[in-house]
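We did not get these values from a lab; they are worked out from the coordinates using the rules stated. None of the values given here were measured: they were computed from a predicted structure. Here Cβ is always computed from backbone atoms with ideal geometry, including for glycine, and neighbour counts include all displayed protein chains.
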Amino acid sequence: MTPGRGEHPIHAARKQALFREVNEQVWALQQKWGTPAEVDFICECADVTCSVAIQIASVDYERVRSEPLHFVVAPEHFFEGAEVLVERGPRHWIVEVNEAGRAA
Ligand SMILES: [Zn+2]
């Protein structure tokens, strides 16, 4: 584990679940006004101190949220070992949280 960025366990899983919830609410709100091409979301990485805003295309977010273990994060906000990198975009990355990281 990388020092400083390796504290994935309990807090991280909770943070990701919490931020997913926040993003889901942002998402739901956006839908009321029609689906925009891009939406501002909060980075769903495992760093509990991170609340970086990221822009993601609506179609991309729809894809991410359809997979319960997939999270959208800012570029480089990837925790090797606890997560698998699914997609590397210019403005956001998509990671998959391991079942092990999830259960911690
Ligand atoms: Zn982050």
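Within a Cβ distance under 9 Å of Val95, other residues only, what is the Lys/Arg minus Asp/Glu net charge? Let's see the in-between values first.
Details: positive: none; negative: Glu44, Glu83, Glu87, Glu96.
Spelling it out: positives minus negatives among the neighbours equals -4.
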Thr49, Thr35 arranged by Cβ crowding within 10 Å, fewest neighbours leading: Thr49, Thr35
When a footprinting reagent is the concern and you count Cβ atoms within 10 Å, what order do Trp33, Trp93 take, fewest first? Trp33, Trp93
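Mind checking Rg over Rh on segment 9-103, alpha carbons, Kirkwood formula for Rh? All intermediate terms of the calculation are to be shown ahead of the outcome.
Values: Rg = 12.4 Å, Rh = 13.2 Å.
That ratio equals 0.94.
Can you pull out the GluC sites (Glu not before Pro) in segment 26-68 that DSSP calls coil and that have at most 12 other Cβ atoms within 10 Å? Intermediate values should be presented prior to the final figure.
Values: sites: Glu38, Glu44, Glu62; in loops: Glu44.
For GluC sites (Glu not before Pro) across segment 26-68 that sit outside H, G, I, E and B with at most 12 neighbouring Cβ atoms in 10 Å, the list is empty.
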